[in-house]
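Read through the structure below, which is laid out as structure tokens, and then see the notes.
The values are calculated or read from the model by the stated rules, or taken from the named source; none is laboratory data. The structure presented is a predicted model; accordingly, all values stated were derived computationally and were not measured. With ideal geometry, Cβ positions are generated from the backbone for all residues, glycine too; neighbour counts draw on all protein chains shown. In case anyone asks, the SASA skips ligands and DNA or RNA and just uses the protein heavy atoms, side chains included. Shrake-Rupley method; radii C 1.70, N 1.55, O 1.52, S 1.80 Å.
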Amino acid sequence: MPGWRGTILRIDLTNEKITKQPLDRLVARNFIGGRGFNSLTLFKEVKPGIDPLGPENVLCLAPGALTGTGLPLSSRIEVSTLSPYSGILGDGNAGGDFPTFLKRAGYNQIVITGKAKNPAYLWIDDENVELLDASELRGKTTWETTDILKEIHGKDVKVACIGQAGENMVRFATTMFDKHASAARGSGAVWGSKNIKAIAVRGTGKVELARPEDFKQLAKEDRQFLLKDKVQREVIAVYGSHIGMMYWKPGKKYFEKYLSGDEVPKDLRPEAWKEYEIGRYACYGCPVGCKNTYRIPKGEYAGEINSALEFECIHCLGTNCGIEDPIAIMEMENLADKHGMCVIGLGNTIAFVKELYNRGIITKKDTGGLSLDWEDRDSQIELIRQIVTREGFGNLVAEGMYSFAKITGRNAMDYCYHVKGLSRGLHPPGIFSLAHATSTRGADHLRGRVWASGENDQGLIREPMDREFMPDAHDDPVRTLTICERVATIADAIGRCKGAVISWAATVPLIWKYPFFEGVGKLLTTATGFEISQSHLEEAAERIYIIERAFNIRQGITRKHDRMPQRIELMGTSQGEEELKEHNRMLTEYYRMHGYDLKTGIPARERLESLGLKFVADELEAHGPYPDWDGAPLMSLEGYSHGERVHQSEMEQDKEIEAA
């Protein structure tokens, strides 16, 4: 199947059954790949109201439609599941080498169901696929696991895995690819709940192209642009996302304020990080190399080397937690990567808990004597260790900010600045707040916001493209956001990196030459043999986004959850009420444009049927309304695995019970 490889790999862990199923051509055309395939699978196979950490949940991994084709910036994979962190759709997009080699092995998607009786890992050697024993890998870090699997199967093998955080079902545990790339929003905990530690892949095949010469010429033009473009060469390839410290206004002490470039501590500015840099790192086939490779010069982890320290770590675990020590930030990044945790979810939860501590809502009596003073870097690192092993106070923090607030009470929820369990801080009505409210995975900047807001255009990037198709964000924010949602959705479906600084030229291939999606259409047409136009891609993006919305509706999401968080001091004031009124006006217009019911936010049957989604409309009407969302279902804190010990298998547990 040109472009696509044509095979879905299904892994039934409960019955130890591996099945290969042909990719449906209509599904391929209508949902493109990557995120599109996963979102369709989850809607069809995940029942509403289940426990995300139960065996009924489904875990999907899908490389993009253009991954493995030779198009630059396209070694990307989408990991999707019902999130144990938010209780709604949880997906993350990651790079590295793994996505390309999974596609080369012949697979468009891996769908994992059930739960293994014993620790297991999946070994893919082109067409040969096996479930193997992973008992010796339990308790290992992601770095150790990757190295061990390469020793067993060969240095050419690529690895996706979880660390101890995933094994202990830390709610914001992540899936790590090739040690350095992370697919967030709780997927790592789902791996742990299913007793699967890793996937190792060797892919030696090639992705067949329908019109290879035409495709290769288009890909060559795109690569040449990236190699010659001044922004790519002089900003992104040099600083990567570190440049955002000067332009993206990182939060300070749990969004107490947002820092301008002049206010960012000098030790955390882009040039300062060069002191620790020993090289650059690129995902497979990328001509840019946006990530740094660094060495910690001193302290407990002196000499430790890692790659891909991003803006989000410096912001979320650094300034927004009150930490301005670059050594501490590198140590925390490494702990997150080794043990498999999302730095955003980890950092936001710690910042929230620190806010409660410094307001006196929680005390050392709650923390087990641990100090949560803003500048205390040692205590923050100790807390991270406790979170990984779910020991002491870390066991509660491992539940994530929303669940922490629910369990703690004492008005803690008043300070939990979230949308559907995820946080991107506090913003007045406008593009930021609307994008966070309507994102299909909770508050998020990569579902459309960055492109719509133009936040990178202010002196950082002059985009090499015709912007006539884009309305002004201030004049028509709803239409602007809608267009940019399509951009982000198609990028995740074709497997295109959004770029270290989220640029149009990175996200939309050939946009510097062709209007909007026309270049993407040409690439997909020459790769797959299907005639794929700009209008087809716009419709596909809408189809993917609305089925994600429908998935969340079944999890209890309605209009009231598309909220704009406010600081407690603003709640109930005339200013606060006016801001909420404006947010709701924009939300109504957004619903009207997307074809949602204006009162409930549920996609209308007419709109669903126009996108070929009658089965979705039938499902929502037959089984709705659904119980209100209130985060992911909670379980007893004593019910988790704790510490660094290896998990017992179910068989071993059964034997102990019988003996007792």
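Note: relative contact order over the chain, using C-alpha pairs below 8 Å and six or more positions apart, is 16 percent. Taking 7 Å steps out from each Cα toward its Cβ at THR573 and GLN224 produces label points 5.7 nm apart. Only one residue of GLY3, VAL79, LEU613 has its Cα farthest out toward the positive end of the dipole of the chain, where Lys and Arg carry +1 and Asp and Glu -1 on Cβ, and that residue is GLY3. Applying a DSSP loop filter and a limit of 16 other Cβ atoms within 10 Å to the GluC sites (Glu not before Pro) in region 545-601 leaves GLU569. If I take all pairs of Cα atoms in region 568-635, what percentage of them are more than 13 Å from each other? Distances greater than 13 Å cover 74 percent of the Cα pairs.
Just going by the charge dipole of the chain, with Lys and Arg at +1 and Asp and Glu at -1 on Cβ, which of GLY499, GLY322, ASN292 is farthest out on the positive end? Farthest along the dipole direction, towards plus: GLY499.
Treating the beta-carbon of each Lys and Arg as +1 and of each Asp and Glu as -1, no other charges, what is the dipole magnitude of region 126-238 about its Cα centre, to the nearest 20 debye? Mind dumping the intermediate values first?
On the way: 19 positive and 18 negative charges, 83 e Å.
Dipole size: approximately 400 debye.
Stokes-Einstein diffusion for region 1-68, with the hydrodynamic radius set to the Kirkwood value over Cα pairs and evaluated at 4 °C in a medium of 1.567 mPa s, equals 98 µm²/s.
For region 315-458, what mean projected area does the convex hull of the alpha carbons give, in nm²? Can you show the working numbers first?
Numbers: hull surface 36.4 nm².
Result: a mean projected hull area of 9.1 nm².
Treating each Cα of region 64-130 as an identical point scatterer and ignoring solvent, apply the Debye formula and state log10 I(q)/I(0) at q = 0.23, 0.24 Å⁻¹. Log-scaled intensity ratios, in q order: -1.10, -1.13. Averaged over its residues, the chain has an accessible area of 36 Å² per residue, based on protein heavy atoms and a 1.4 Å probe.
In region 375-442, taking the dipole from charged Cβ atoms about the Cα centre, the farthest positive-side position among ALA398, ILE381, HIS418 is held by HIS418. For region 187-315, the fraction of 1.4 Å probe accessible surface lying on carbon and sulfur atoms is 49 percent.
Accessible surface of region 510-631, 1.4 Å probe: 52 percent of it comes from carbon and sulfur atoms. Evaluating 6.51 cos²θ - 1.76 cosθ + 1.60 at θ = phi - 60° for every residue in region 262-273, the Karplus couplings come out as 5, 8, 5, x, 4, 6, 10, 7, x, 5, 5, 5 Hz, glycine and proline recorded as x.
Quick one: Debye curve from the alpha-carbon atoms of the chain only, equal weights, vacuum; give me log10 I(q)/I(0) at q = 0.09 Å⁻¹ to two decimals. For the chain at q = 0.09 Å⁻¹, log10 I(q)/I(0) is -0.69. The portion of the accessible surface of region 1-160 made up by carbon and sulfur, rounded to a whole percent, is 45 (1.4 Å probe; DNA, RNA and ligands excluded).
The slack in the chain from HIS642 to SER379, taken as 0.36 nm per residue of separation less the alpha-carbon distance, amounts to 92.7 nm. Each principal axis of the Cα cloud of region 328-379 was taken in turn, and the coordinate range along them, longest first, works out to 31, 19, 18 Å. Spin-label pair THR600-LYS150: with each label point 7 Å from Cα along the Cα-Cβ axis, the two points sit 5.2 nm from one another. For region 190-195, backbone phi angles converted through the Karplus equation (6.51, -1.76, 1.60; θ = phi - 60°) give residue-by-residue couplings of 5, 3, x, 5, 8, 6 Hz, Gly and Pro being listed as x.
Classified by the C-alpha gyration tensor, region 181-304 has an oblate form. Its axis ratio a/c, with a ≥ b ≥ c, is 1.5 or above, and a/b does not exceed b/c.
The three principal axes of the C-alpha atoms in region 101-161 carry coordinate ranges of 31, 30, 16 Å, sorted with the longest axis first.
Across region 371-378, rounded Karplus estimates of 3J(HN,Hα) from the backbone phi angles (6.51 cos²θ - 1.76 cosθ + 1.60, θ = phi - 60°) give 6, 10, 4, 3, 8, 7, 6, 5 Hz, Gly and Pro being marked x. If both residues of a DSSP beta bridge must be in region 46-173, then about 100% of such bridges are antiparallel. Amide H contacts under 5 Å for ARG280: THR293, restricted to partners 5 or more places along the chain or on a different chain, H placed in the peptide plane at 1.01 Å from N. When +1 charges are put on Lys and Arg Cβ atoms and -1 charges on Asp and Glu Cβ atoms, the dipole computed for the chain relative to its Cα centre reaches about 840 debye.
Structure shown: which of LYS257/LYS291; LYS140/LYS364; LYS257/LYS354; LYS364/LYS420; LYS117/LYS140 lie over 23 Å apart, alpha-carbon to alpha-carbon?
Among LYS257/LYS291; LYS140/LYS364; LYS257/LYS354; LYS364/LYS420; LYS117/LYS140, the Cα-Cα distance tops 23 Å for LYS257/LYS291; LYS140/LYS364; LYS364/LYS420.
Gain in length, GLU263 to GLU130, computed as 0.36 nm per residue apart minus the alpha-carbon separation, to one decimal in nm?
The GLU263-GLU130 span can extend by a further 42.5 nm.
Label positions at ASP475 and SER610, each projected 7 Å from the Cα along the C-beta direction, are separated by 2.4 nm. Can you tell me what percent of all Cα-Cα pairs in region 522-642 are more than 24 Å apart? In whole percent, the share of Cα-Cα pairs in region 522-642 beyond 24 Å is 49. Between region 494-527 and region 622-645, the C-alpha centres lie 39 angstrom from each other.
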